[in-house]
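Heads up, the thing below is written out as structure tokens.
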Amino acid sequence: LVCFSGDAMGMNMVSKGSLAVIKLLEERFENMQLVALSGNMCTDKKAAATNWLEGRGKSVVVECVIPQSIVQKTLKTTVKALIHTNINKNLIGSAMAGALGGFNAHASNIVAAVFLATGQDPAQVVESANCITLMEENDNGDLWMSCTMPSIEVGTVGGGTSLAAQAACLDAVGCRGGGKNHPGENAQKLSQVVAAATMAGELSLLSALAANTLVQAHMKHNRKAPTKK
């Protein structure tokens, strides 16, 4: 069953539609018995290969090119070091760990933050954070980077999107409520925001790992100053 839910995330809409289909089938087949409306092939709020392969919600690919001068001056590392780190950590390391959709540095951190800020279902971070991060050096010696996220589940109407703080955040990124021109355009835009933010977070952490400044950064920026007695 494939459904289009406009700018809503759509789980309730799909459940309602599925129940209508079941009732019709029960009328046609008298011996049919409903065990459960959801058979877990959705697959909602669980790590599953079907979401990674077939997609769920919005499937998004984002990419960017970072000049090598920015990599060196701002990120304090090199293009080659970033690529080497990404291959060994996100690709080889994740494969050795048997990761399912987790070929990234910390996509779930970013997805969770955006979900909470924009009124999404936090439990759906499980599949929405499916991401593979790729890095290559282009012909100019600059860094090409992409994040592929096949199952971002977001909506701009319904649920927590009507809460004041979350609605304000949706306003800030220009995708609150239903799309004015085409149904689903605001939810699509929000999924792109999620993916772009994730890519920025991936670049930041991988740079810190490549330059070996991760612990130093945590100690400097993520710790309270010692209290004086």
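Observations
- Computed from backbone phi, the HN-Hα couplings of segment 120-129 come to 8, 7, x, 5, 7, 4, 3, 8, 5, 8 Hz, rounded to whole numbers (Karplus: 6.51 cos²θ - 1.76 cosθ + 1.60, θ = phi - 60°; Gly and Pro given as x).
- Exceeding the 27 Å Cα-Cα cut-off - candidates Lys58/Lys80; Lys89/Lys220; Lys46/Lys76; Lys46/Lys80: Lys58/Lys80; Lys46/Lys76; Lys46/Lys80
- Shown for the chain are the DSSP H helices of 18 Å or more along their axis, judged by Cα atoms, with a mean Kyte-Doolittle hydropathy of at least 0.5: 185-210.
- Distance between segment 1-61 and segment 65-134 - C-alpha centres, whole angstrom: 29
- Relative contact order for the chain: 27 percent, from Cα pairs under 8 Å spaced at least 6 residues apart, divided by residue count.
- Cα lying deepest toward the dipole's positive end in segment 122-181, options Val173, Pro150, Asn130, charges on Cβ: Val173
- Loop trypsin sites (Lys or Arg not before Pro), segment 192-228 (other Cβ atoms within 10 Å of the site Cβ: 16 or fewer; DSSP): Arg223, Lys224, Lys228
- Residue-count net charge about Ser146 - beta-carbon cut-off 11 Å; Lys, Arg +1, Asp, Glu -1: -3
- The chain - percent of accessible surface contributed by carbon and sulfur, probe 1.4 Å: 57
- On a per residue basis, segment 70-120 carries 50 Å² of accessible surface, using protein heavy atoms and a 1.4 Å probe.
- Listed peptides 190-198, 210-218, 43-51 appear in the order 190-198, 43-51, 210-218 once ranked by packing, highest mean of other Cβ atoms within 10 Å at the front.
- Using every pair of separate Cα atoms, the Kirkwood estimate puts the hydrodynamic radius of segment 25-72 at 15.4 angstrom.
- R0 of 30 Å, Cβ-Cβ distance Phe4-Leu34: FRET efficiency to nearest 0.05: 0.80
- Each helix, a run of at least 4 DSSP H residues, gives -39500 (n - 2.57); summed and divided by the residues of the chain, these come to -12500 deg cm²/dmol at 222 nm.
- Checking (1) 142; (2) 172; (3) 192 against the coordinates, the calculated volume of the Cα convex hull per residue in Å³ falls under label (3).
The values are calculated or read from the model by the stated rules, or taken from the named source; none is laboratory data. Please read these numbers as outputs of a predicted model, since none were measured by experiment. Heads up, the Cβs are rebuilt from the backbone with ideal geometry, glycines too, and the neighbour counts pull from every protein chain shown. Only protein heavy atoms, including side chains, enter the accessible area calculation; ligands, DNA and RNA are left aside. Shrake-Rupley method; radii C 1.70, N 1.55, O 1.52, S 1.80 Å.
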